1. Please determine, by comparing only the residues of segment B:77-94 that are within 21 Å of A:Tyr102 (Cα to Cα) and not hydrophobic (A, V, I, L, M, F, W, C), which one is farthest from the other protein chains (Cβ to nearest Cβ).
2. Does A:His95 fit the bill of being within 11 Å of chain B (Cβ to nearest Cβ), in contact with a strand residue (DSSP E or B) (Cβ under 6 Å, 6 or more places away or on another chain) and open to solvent by 10 Å² or more (accessible area, probe 1.4 Å)?
3. If a residue must be out of contact with any Leu (no Cβ under 7 Å at 6 or more places or on another chain) and open to solvent by 10 Å² or more (accessible area, probe 1.4 Å), how many such residues does segment B:75-95 contain?
4. Filter segment B:56-92 for residues that are polar (S, T, N, Q) and in contact (Cβ under 8 Å) with a residue 60 or more places away in the chain; which is farthest from B:His7 (Cα to Cα)?
5. In segment A:54-81, what residues are more than 14 Å from chain B (Cβ to nearest Cβ), open to solvent by less than 50 Å² (accessible area, probe 1.4 Å), without any contact (Cβ under 8 Å) to a residue 40 or more places away in the chain and assigned to a loop (DSSP other than H, G, I, E, B)?
6. Restricting attention to segment A:38-47, which residues are in contact with a Pro (Cβ under 7 Å, 6 or more places away or on another chain) and in a loop (DSSP other than H, G, I, E, B)?
7. Could you list all residues from segment B:68-86 that are closer than 26 Å to A:Ala39 by Cβ and of a type in the set (Asp, Glu)?
8. Identify, please: which residue in segment A:12-31 is within 26 Å of B:Val4 (Cβ to Cβ) and either facing chain B (nearest Cβ under 9 Å) or among the small types (Gly, Ala, Ser) (or both) and is, among those, surrounded by the most Cβ atoms within 10 Å (Cβ to Cβ)?
Amino acid sequence: DTEVTQTPKHLVMGMTNKKSLKCEQHMGHRAMYWYKQKAKKPPELMFVYSYEKLSINESVPSRFSPECPNSSLLNLHLHALQPEDSALYLCASSHAGAKGGYTFGSGTRLTVV
Amino acid sequence: GENVEQHPSTLSVQEGDSAVIKCTYSDSASNYFPWYKQELGKRPQLIIDIRSNVGEKKDQRIAVTLNKTAKHFSLHITETQPEDSAVYFCAASRGAGTASKLTFGTGTRLQVTL
């Protein structure tokens with residue numbers, strides 16, 4: 001298995017909703033990442049997990065809450081989002097120490113209404 | 001932190017011509033430089049990467065060169081084809097420790113015309 005799987009592919013949520021994005025990989029990668037990508041912009045790092053521990057938080061608002069239950073799974077819990085949070089949310093994984101490049105998932109296209 | 005600049009922002013070439021995209025980085029400790037191709041509505045896909053102990057790497061029609069002294073690296077695509085049309089991102093990271101933070105350039109929209 002050489003893929004990173006993200007669900008759902010599309011999500012529309014209201015500003016008072018709580019939802020979660022899910023990411024799964026079975027490549028034995030011990031580093032997992034959440035990126036946010038706005039239209040016509042590069043991906044921007046949000047969080048890095050290394051060996052299931054949060055190692056980098058790029059000053060992301062607390063309405064985004066990451067979770068890494070095990071070495072294969074990464075979640076992003078969403079609560080009280082704003083319309084400007086609408087974007088493509090990309091999960092990625094890599095070998096720790098960048099022995100290889102990132103593998104990105106297909107992303108979740110999030111719309112906040 | 002790392003800052004990666006990428007030029008040009010758009011590039012139009014005729015099928016069969018070569019395309020060159022250039023990036024500069026600011027952190028001299030960066031040692032890993034991947035290039036990603038992103039088609040509209042799809043995920044970024046790694047197309048080639050280079051590490052700081054290598055000056056050039058080639059994979060069929062794609063090559064990357066790195067100049068550590070000048071802190072710049074370039075993507076070269078030869079014999080371009082319509083399916084090469086996409087947005088290309090360069091990136092840089094230190095690649096040290098237990099996880100690497102990739103900093104992306106602003107992207108180049110490549111259009112290959114018939």
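1. So the first thing to find is which residues in segment B:77-94 are within 21 Å of A:Tyr102 (Cα to Cα), and the list is B:84, B:86-94.
Then keep just the ones that are not hydrophobic (A, V, I, L, M, F, W, C); that gives B:84, B:88, B:93-94.
Details: B:Asp84: 19, B:Tyr88: 11, B:Ser93: 6, B:Arg94: 8 Å.
Looking at residues that are within 21 Å of A:Tyr102 (Cα to Cα) and not hydrophobic (A, V, I, L, M, F, W, C), I get B:Asp84.
2. Values: within 11 Å of chain B (Cβ to nearest Cβ): yes; in contact with a strand residue (DSSP E or B) (Cβ under 6 Å, 6 or more places away or on another chain): no; open to solvent by 10 Å² or more (accessible area, probe 1.4 Å): yes.
For A:His95, the condition - within 11 Å of chain B (Cβ to nearest Cβ), in contact with a strand residue (DSSP E or B) (Cβ under 6 Å, 6 or more places away or on another chain) and open to solvent by 10 Å² or more (accessible area, probe 1.4 Å) - is not met.
3. 8
4. Going residue by residue through segment B:56-92, those that are polar (S, T, N, Q) are B:60, B:65, B:67, B:69, B:74, B:78, B:80-81, B:85.
From what is left, the residues that are in contact (Cβ under 8 Å) with a residue 60 or more places away in the chain are B:78, B:80-81.
Values: B:Thr78: 18, B:Thr80: 18, B:Gln81: 20 Å.
Result: B:Gln81.
5. Matches in segment A:54-81: none.
6. If we filter segment A:38-47 for residues that are in contact with a Pro (Cβ under 7 Å, 6 or more places away or on another chain), which is where we start, we get A:43, A:47.
Result: A:Pro43, single match.
7. B:Glu83, B:Asp84
8. Ranking the candidates gives A:Ala31 first.
The values are calculated or read from the model by the stated rules, or taken from the named source; none is laboratory data. Quick caveat, the model's predicted, so the values are computed rather than measured. No Cβ is skipped: glycine too gets one built from the backbone with ideal geometry, and neighbour counts run over all protein chains shown. Note: accessible area is taken over every heavy atom of the protein model, side chains too, but ligands, DNA and RNA are not part of it. Shrake-Rupley method; radii C 1.70, N 1.55, O 1.52, S 1.80 Å.
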